[in-house]
Amino acid sequence: MNRELAVLGGWVSVADPNELLAVAVSIVRSAAELARTLRAQGIGEVSTKSTPTDVVTAADRAVERHVIEFLHETRPDDAVLGEETGQTGEMVAPSAVRWILDPIDGTVNYLYGLPQYAVSLGAEVGGQVVAGVVRNPATGDEWTATLGGGAWRAGRRLACSTVTDLGQALVGTGFGYDPARRAHQATVVAALLPRVRDIRRFGAASIDLCLTAEGSLDAYFEKGLNPWDSAAGGLVATEAGALVTGLNGAPPGPGFVLAAPPTIHDLLHAELAELDAAGGP
Ligand code: IPD
């Protein structure tokens, strides 16, 4: 069933977020199984991308191909933005769906056999993510959300943390691959660490956002995320009640993503702004 979306000059029919979520869950489960099977067979070819530490495995590419082929077959009018392929398909109508895919978020963990990686897929309509799923193939954990429909894991509706004292907050973060950026990120973490309960760096941004959604982390922040890292997880966190923002009034994006409960968002934002966490290279 399609819905109506107001656009300049009238209304257009848009896909139902629940239907998009059903498509996303189905393909992500199959992609996660492929990623798990390929990992069990051993890591083959490994190449590097932006820096020598930014790796891509044959599995990243195989999983991405698997998802793109499925989406192009089942939803030929949709576009797909994938981490390894870039964008395929045209966004002809304002109501067009764009899928945003990270075939393996946490590739370094995948490479090392650490069970903290995910297949992440979001569906965006008119620039807004309306459905998303993040699945950890190693554990089977799966988080889903639809715009306005809440965030869910294993049939349980998720609500983010209600912590009010920043000093008691467990805060997740991540680092980019560029050494100069990492040096700045390290200064931010070093200054923040004495002001919070502790810091966690698990290595898969999509999962960090979902952990924030369920309160396993109180908050999460990172500079330099790509759309595929945060599309699905950002919706899961928002739908669980977290505020997902940039810094200093900017929207969340590559510049910065802060996901935090309303109870500590302003406090953490103030610290991060003071530390110029969105600054540096
Ligand atoms: C990376 C992970 C990591 C985050 C990096 C991302 P990738 O994604 O999400 O946790 O800190 O910024 O690039 O490269 O494993 O898909």
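Quick check on the range 168-187: of everything there that is of a type in the set (A, V, I, L, M) and farther than 27 Å from Val56 by Cβ, which residue is nearest to the ligand (Cβ to nearest atom)? Full working, then the answer.
Restricting attention to the range 168-187, the residues satisfying the condition of being of a type in the set (A, V, I, L, M) are 169-171, 180, 183, 186.
Subset that is farther than 27 Å from Val56 by Cβ: 169-171.
Numbers: Ala169: 19, Leu170: 16, Val171: 14 Å.
Looking at the filtered set, the residue picked out is Val171.
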Requested in this report: Kindly state which strands (runs of 3 or more DSSP E) lie completely within the range 170-275 and contain at least 2 residues that are surrounded by fewer than 16 Cβ atoms within 10 Å (Cβ to Cβ).
Outcome: 198-200
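Quick check: anything in the range 204-217 more than 16 Å from the ligand (Cβ to nearest atom), under 20 Å from Val163 (Cβ atoms) and of a type in the set (Gly, Ala, Ser)? Let's see the steps before the verdict.
Narrowing the range 204-217 to residues more than 16 Å from the ligand (Cβ to nearest atom): 214-215.
Still in the running and under 20 Å from Val163 (Cβ atoms): 214-215.
Okay, now just the ones that are also of a type in the set (Gly, Ala, Ser), so 215.
Looking for residues that are more than 16 Å from the ligand (Cβ to nearest atom), under 20 Å from Val163 (Cβ atoms) and of a type in the set (Gly, Ala, Ser), one finds at least one in the range 204-217, hence yes.
Being polar (S, T, N, Q) and within 16 Å of the ligand (Cβ to nearest atom) is the requirement here; does Thr146 meet it? I'd like the intermediate steps shown before the answer.
Numbers: polar (S, T, N, Q): yes; within 16 Å of the ligand (Cβ to nearest atom): no.
In short, no.
Within the range 146-168, identify whether any single residue is modelled with pLDDT of 95 or more, under 17 Å from the mean Cα position of the chain (by Cα) and farther than 24 Å from Trp99 by Cα, and answer yes or no.
Here is the first cut: in the range 146-168, the ones modelled with pLDDT of 95 or more are 146-168.
After this cut, where a residue has to be under 17 Å from the mean Cα position of the chain (by Cα) as well, the list is 146-147, 150-153, 158, 160.
Next, only the ones that are farther than 24 Å from Trp99 by Cα stay: 160.
Yes: one or more hits.
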Query raised in the report: Are any residues in the range 76-110 surrounded by fewer than 18 Cβ atoms within 10 Å (Cβ to Cβ) and over 14 Å from Asn226 (Cα atoms), and if so, which ones?
Result: Pro76, Asp77, Thr88, Glu90, Met91, Val92, Ala93, Pro94, Val108
Report task. Tell me, yes or no, whether the range 251-265 has at least one residue that is touching a helix residue (DSSP H, G or I) at 6+ places or on another chain (Cβ under 6 Å) and more than 15 Å from the ligand (Cβ to nearest atom). Result -> yes
**Report entry** Of all residues in the range 95-139 being touching a residue at least 40 places away in the same chain (Cβ under 8 Å) and on the phi > 0 side of the Ramachandran plot, the one that is farthest from the ligand (Cβ to nearest atom)
**Finding:** Gly126
Query raised in the report: So, of the residues in the range 53-76 that are at pLDDT 90 or above and of a type in the set (A, V, I, L, M), which turns out to be farthest from the ligand (Cβ to nearest atom)?
Result: Leu71
Requested in this report: For the range 58-83, enumerate the residues that are under 15 Å from the mean Cα position of the chain (by Cα) and part of a strand (DSSP E or B).
Outcome: Leu81, Gly82
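The values are calculated or read from the model by the stated rules, or taken from the named source; none is laboratory data. It should be emphasised that the depicted structure is a prediction, and the values quoted were computed from it without experimental measurement. Cβ sites come from the backbone with ideal geometry, for glycine too, and all protein chains shown count toward neighbours.
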